[in-house]
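Structure record follows, encoded as structure tokens.
The values are calculated or read from the model by the stated rules, or taken from the named source; none is laboratory data. Nothing here was measured: the structure is a model prediction, and the numbers come from that model. In this analysis, Cβ positions are derived from the backbone assuming ideal geometry, glycine residues included, and neighbour counts consider all displayed protein chains. The accessibility values were calculated without ligands, DNA or RNA, using every heavy atom of the protein model including side chains. Shrake-Rupley method; radii C 1.70, N 1.55, O 1.52, S 1.80 Å.
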Amino acid sequence: MPPHGAGNLSATPWQEFVLEGFQGGLQTQALLSALFLALYVAAILGNLTMIVVITLDARLHSPMYFFLKNLSLLDLCYTSIIYPKALATFLSSSRVITRGGCATQFFFFSLMGTTEAFLLAVMAYDRFTAICSPLHYPVTMCPSACARLVLGSYCGGCLNSIVQTSLTFSLPFCGSNHIDHFFCDVPPLLQLACTNTAINELLLFGICGLIIVGTTLVVLISYGYITVTILRMCSGAGRHKLFSTCGSHMTAVFLFYGTVFVMYAQPGAVGSMQQGKVVSVFYTLVIPMLNPLIYSLRNKDVQAALRTLGQKLRAP
């Protein structure tokens, strides 16, 4: 890990930070700004469309789409916590963010990210129950149970966010105040601390590793049972439909967990800021943009709902 920010330990702790963003001249910053703006708009429109379609179409009022709507809401908030501020700083001479603003951004970013990890596991459990225990599914996944599962995901995300935010912003930042990132995240903030951060790093890897491994196990076990159940089916058409539906979820899961693992749950992640910035773009912007496409392009029910909505909008 790089050395901690040098500075006088008796100095007044920084009340403002500077977001370094990506390296490069004005032209590079302009290109990055245009690219990120296009991806951000696509993510917002895609997830808003999913929320509206699922809300308006009665055919999609089922537990699976209830969870999918919540996933779209999370992705919508996830990107909006980071990218309006990031876009504002790309071409601005002032890249300052206050300590309070940084803590707030980090808290909600951590909340949404952790909640999404739990929600993806919940969605895998939902598919497991629907396919492996279809007779018990209406009772197991009744509306109140679905609401409790989503609420539990948010509670788990909130607990992790409180722990991470409290531990990180209780550190003394009295060295450099330049954050080598385009938003407030744990690894670059730990590099600015002028005290030993071994406990913070251990807890970061431990908690994030536990969450990622735990939720991944739920997903893998659920889809292991699902695969066995599908292969036992006699109908080829039924197997194809189920594999197509579950394939969408598995694609989203591997994209999200893979990039988050690279950033937070591997040794040396804290010291790889250049790699970390690129990885961060994937799980905070590219994946939220891709999720609506993954679910809509591979799901005939969503496609039908989109066509219905399109016909209503075109009708005089």
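General remarks:
- Filtered residue count, the stretch 51-62, keeping only those that are open to solvent by less than 40 Å² (accessible area, probe 1.4 Å) and in a helix (DSSP H, G or I): 4
- Qualifying residue in the stretch 134-152 (condition: in contact (Cβ under 8 Å) with a residue 24 or more places away in the chain, closer than 23 Å to GLY46 by Cα and either open to solvent by less than 50 Å² (accessible area, probe 1.4 Å) or over 24 Å from the mean Cα position of the chain (by Cα) (or both)): yes
- The residue that is nearest to LYS85 (Cα to Cα), among those in the stretch 21-31 that are in contact (Cβ under 8 Å) with a residue 40 or more places away in the chain and open to solvent by less than 70 Å² (accessible area, probe 1.4 Å), is GLY21.
- Every test in (1) within 15 Å of the chain's Cα centre (by Cα); (2) of a type outside the set (Ser, Thr, Tyr); (3) open to solvent by less than 40 Å² (accessible area, probe 1.4 Å); (4) closer than 24 Å to LEU217 by Cα is passed by ILE131 save one, and that test is (1).
- Whichever residue in the stretch 16-75 is of a type in the set (S, T, N, Q) and touching a helix residue (DSSP H, G or I) at 6+ places or on another chain (Cβ under 6 Å) and, among such residues, is farthest from LEU91 (Cα to Cα): ASN70
- Which listed residue is hydroxyl-bearing (Ser, Thr, Tyr), part of a helix (DSSP H, G or I), modelled with pLDDT under 90 and open to solvent by less than 20 Å² (accessible area, probe 1.4 Å), from THR89, THR79: THR89
- For the stretch 92-119, the candidate set comprises residues that are outside any helix (DSSP H, G or I) and of a type outside the set (A, V, I, L, M); within that set, the residue that is surrounded by the fewest Cβ atoms within 10 Å (Cβ to Cβ) is SER93.
- Annotation note: Cβ proximity below 9 Å between a residue of the stretch 294-310 that is farther than 14 Å from HIS249 by Cα and β-branched (Val, Ile, Thr) and a residue that is open to solvent by 40 Å² or more (accessible area, probe 1.4 Å) and assigned to a helix (DSSP H, G or I) (sequence gap 6+ or interchain) occurs for THR308/LEU56; THR308/ARG59.
- Taken over the stretch 215-236, residues that are loosely packed, with under 13 Cβ neighbours inside 10 Å, of a type outside the set (A, V, I, L, M) and part of a helix (DSSP H, G or I) amount to 2.
- Members of the stretch 185-225 found to be at pLDDT 85 or above and of a type in the set (Val, Ile, Thr), listed by number: VAL186, ILE199, ILE207, ILE211, ILE212, VAL213, THR215, THR216, VAL218, VAL219, ILE221
- Cβ separations smaller than 6 Å between residues 6+ apart or across chains give the following pairs from the stretch 59-78 residues that are more than 17 Å from GLU116 (Cβ to Cβ) to residues that are not in a helix (DSSP H, G or I): PRO63/MET141.
- From the list LEU202, LEU151, the one residue that fits, being of a type in the set (A, V, I, L, M), assigned to a helix (DSSP H, G or I) and under 24 Å from GLY258 (Cα atoms), is LEU202.
- When residues in the stretch 155-178 are screened for being under 15 Å from ILE199 (Cβ atoms), of a type in the set (Gly, Ala, Ser) and open to solvent by less than 50 Å² (accessible area, probe 1.4 Å), 0 of them pass.
- Residue in the stretch 43-50 that is closer than 27 Å to LEU210 by Cα and either open to solvent by less than 10 Å² (accessible area, probe 1.4 Å) or in contact (Cβ under 8 Å) with a residue 60 or more places away in the chain (or both) present: no
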